[in-house]
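Report on the structure given below.
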């Protein structure tokens, strides 16, 4: 089985570019990637491992790596009750507020990952 690393990179870059457009900073994929990472890490620490694994299965390969980087899977997780819980965990004041950064990533995920449940 041959790995197509170029496709993995292209898919990951495309996903981050979509996030950048949603965040209204289309030319700043570095910022979009950092925000995506913060939101994904906040999310993974708030949902049960089984649900995380269902999401991971649908992510582009390189975004999967971002999601699991540094993850210590625990049987118990804090409950994610609503978007505000996630937003507060992932936002920095300089990013324009928690909802401003979480909602665009959720919209992008819904478009790109139709079965994700985001």
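Given the conditions (1) surrounded by fewer than 17 Cβ atoms within 10 Å (Cβ to Cβ); (2) at pLDDT below 75; (3) not in a helix (DSSP H, G or I), report the number of the one that residue 72 does not fulfil.
Evaluating residue 72 over (1) surrounded by fewer than 17 Cβ atoms within 10 Å (Cβ to Cβ); (2) at pLDDT below 75; (3) not in a helix (DSSP H, G or I) leaves (2) as the failure.
For the list (1) assigned to a helix (DSSP H, G or I); (2) surrounded by fewer than 17 Cβ atoms within 10 Å (Cβ to Cβ); (3) at pLDDT below 90, I need the number of the one condition that residue 13 fails.
(3) is the only condition that residue 13 fails.
How do the pairs read when you match residues in segment 23-40 that are crowded, with 21+ Cβ neighbours inside 10 Å with residues anywhere that are in a loop (DSSP other than H, G, I, E, B), using Cβ under 6 Å and keeping only pairs 6 or more apart or on different chains?
Listed by first residue and then by second, the contacts come to 32/23.
Give the residues of segment 36-69 that are farther than 15 Å from residue 11 by Cα, out of contact with any helix residue (DSSP H, G or I) (no Cβ under 8 Å at 6 or more places or on another chain) and part of a helix (DSSP H, G or I), sorted by residue number.
49, 50, 51, 53, 54
Select from segment 18-35 the residues that are more than 10 Å from residue 108 (Cα to Cα) and in a helix (DSSP H, G or I) and list them in ascending order.
Within segment 18-35, 29, 30, 31, 32, 33, 34, 35 qualify.
Can you say whether residue 98 is under 26 Å from residue 13 (Cα atoms), at pLDDT below 85 and surrounded by 13 or more Cβ atoms within 10 Å (Cβ to Cβ), as far as the supplied structure shows? Spell out how you get there, then give the answer.
Values: under 26 Å from residue 13 (Cα atoms): yes; at pLDDT below 85: yes; surrounded by 13 or more Cβ atoms within 10 Å (Cβ to Cβ): yes.
Against the criterion (under 26 Å from residue 13 (Cα atoms), at pLDDT below 85 and surrounded by 13 or more Cβ atoms within 10 Å (Cβ to Cβ)), residue 98 qualifies.
The values are calculated or read from the model by the stated rules, or taken from the named source; none is laboratory data. Everything quoted here is computed from the prediction, not taken from an experiment. FYI the Cβ positions are ideal-geometry reconstructions off the backbone, even for glycines, and counts take in every protein chain you see.
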